[in-house]
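Below is one structure; the comments refer to it alone.
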Amino acid sequence: MDFHQISHDSEVPLYRQLFEQIAVKIRSGDLSKGERLPATRELAGLLGLNRTTVSAAYEMLEAEGLISGQVGRGSFVTGGADNEGVDWASLLERAEAHPAPPSLPPTPISFAMSRPSGALFPLDDFRASCEAVLARNDLATILQLGSPAGYEPLRRYLLDEARRQHLATANDELVITNGCQQALNLIGRVLLRPGDSVVVEDPIFAGLLSGLGAQLIGIPVGSEGLEVAQLERVLERERPRFIVVSSNFQNPTGATLTLAARRAIVEAARGARVPILENDTYGDLRYSGEPLPALKQLDDCGGTVLLRSFSKVSFPGLRVGWAIGPKPLMDRVRQAKQAADLHTDHLSQAVLLEFAVSGRLEKHRARMLQAGAERLAATLDACRQYLPPGTHWTRPEGGMNVWVRLPEPLDAAELLPRAQKEGVAYLPGRYFAVSRHEPGALRLSFAGLPPDEIRSGLAILGRIFAGELETASRGFEPAPAMV
Ligand SMILES: Cc1ncc(COP(=O)(O)O)c(C=O)c1O
């Protein structure tokens, strides 16, 4: 196989370049079904790449259904061009820039999903809210087609709350969406043109890697969130269409922007006349420290759109989030929403409104804060206790995620199958990388697990990682002198 274009200087990680090039060869029919790919070691040698790079590319090809690995025999092409009928593979070719995280098979202990624990759902309170809505005289109206901007009583409630907290001005409007994910997608559809770029954090949650369809410019995330100096440099030389930034407990790192960073980002964006999409999906889940003003609050020029959601604090399956921003933009978002799916289910919104105004949401949030604090503390303790020396991890004050960096030469993606075999799952860093892949990084989503499972899971991970480190260090020992 011929791979002239793999470049060590590119911003695109090597494994992704290799994945894309092999995928094109398969989809175009250059590599045909049944053909055997070179062994990872062989191809790594041929291309002067690390074997783990080739394995990572093969793993993605397999996740895409393009190849299949057979134990002891190698990897074979299974997808690709068909000779007859519609050539779906080539029609869909442009869609695949960032492979989505795999849906991992269930394991007894999974740190893979950044979502609340179903075991903490207050089902009786939720049923009571449903019953109250079902008993209402206006149920028929709720069940009718409604406004694309959302169920009006909930929309009004959220807007009033936002105004009370100085998160919305008189010039702002609010549109309810199918979660924050849809708000990001709709704003992208309204604002992006072919060839546009968008500034995002690197690493960033996977929903943004594939969700926007724009060229992404990644700004590294440090312990205090997106690195502002880098953002300023990028804004000096590029003209991104907008910036997406997480103010609180960023997914996947858990980082929170300091007040100074918030001010500097608002200032830099204003200077460059670039809008900010402030993604505050996790802001309700602060377990310690003082809340900070939102970027939206600090921006008095109307350049910021705030995205929030019920997904993390209550029920992600109901798919209710919202965007607050300047009226002209939100009018267009409302139209895009109507074109996409008419509106978000009003029954879910009516139930959530009842859940909120009855005080049940606040009661549930208090419980989530207590459980979240315990789970985060258990995670940080267990990281300290079990992870091998040289491992670093973030120390968030809220949210659902801790970002772990294993010492070299450990590769989190390579070690995942071993962890899964022992009943523990996590997501390796590669699924969050924009252009800076850190092989040793992984995300621990702790919110879905009780503290004892967090500790058992990390004990298992710690043993696997330490064992591998030991093996690797033995491999590095200089050979004894031949005497
Ligand atoms: C940072 C971030 N933004 C958006 C979303 C999507 O949220 P929603 O369920 O509101 O669509 C998630 C979900 O994991 C997330 O982590």
* **Per-pair calculated FRET efficiency, R0 = 51 Å: residue 408 and residue 137 via Cβ, rounded to 0.05** => 0.20
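Translational diffusion coefficient, Stokes-Einstein: compute it for the stretch 190-316 using the Kirkwood radius over C-alpha pairs as Rh, at 4 °C and 1.567 mPa s, and state it as an integer in µm² s⁻¹.
Estimated diffusion coefficient is 88 µm²/s.
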* For the residue pair residue 165 and residue 215, what label-to-label distance in nm results when each label sits 7 Å from Cα along the Cα-to-beta-carbon direction? -> 3.7
* Evaluate the Kirkwood expression for the hydrodynamic radius of the stretch 334-482, namely the inverse of the mean inverse distance over all pairs of different C-alpha atoms, and round to one decimal in Å. => 18.2
* Please return the longest stretch of the chain lacking exposed loop sites, where trypsin sites (Lys or Arg not before Pro) count only if DSSP places them in a loop and at most 11 other Cβ atoms lie within 10 Å. => 274-483
* Whole-number percent relative contact order across the stretch 105-253, with pairs defined as alpha carbons under 8 Å at least 6 apart -> 17
* Which FRET efficiency value, to the nearest 0.05, do you get for residue 466 and residue 2 by plugging their Cβ-Cβ distance into 1/(1 + (r/R0)^6) with R0 = 30 Å? -> 0.15
* Normalised by the number of residues in the chain, what is the relative contact order in percent for Cα pairs under 8 Å and 6+ residues apart? -> 19
* To do: Within 10 Å of each residue's Cβ, count the other Cβ atoms and sort 180, 301 from fewest upward.
  => 301, 180
* Give me the percent of DSSP beta bridges within the chain that run antiparallel, rounded to the nearest 5. => 60
* State, to one decimal in nm, how far the label point of residue 229 lies from the label point of residue 381, with both points 7 Å from Cα in the Cβ direction. => 3.8
* How much length, in nm to one decimal, is gained on full extension between residue 156 and residue 362, taken as 0.36 nm per residue of separation minus their Cα-Cα distance? -> 72.3 nm
* **Cα-based helix-to-principal-axis angle, 412-421 vs the chain, degrees rounded to 10** => 80
* Structure fact -> If each K or R counts +1 and each D or E counts -1, the residues other than residue 279 whose Cβ falls under 14 Å of its Cβ total 0
* To do: Check cross-link reach from residue 25 to the lysines: straight Cα distance under 23 Å, and skip same-chain residues fewer than eight apart.
  => 33
* **the stretch 188-240: radius of gyration and largest Cα-Cα distance (Dmax), Å** => 11.5, 33
* Structure fact -> Between residue 73 and residue 335, the FRET efficiency computed from the C-beta separation at R0 = 51 Å comes out, to the nearest 0.05, as 0.40
* Structure fact -> quick shape note, the chain: Cα extents on principal axes in Å, largest first -> 87, 54, 47
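Laboratory data are not the source of any read-out in this text; all were calculated from the coordinates shown. Computed from a predicted structure; not experimentally measured. Neighbour counts run over all protein chains shown; Cβ positions are idealised from the backbone, glycine included.
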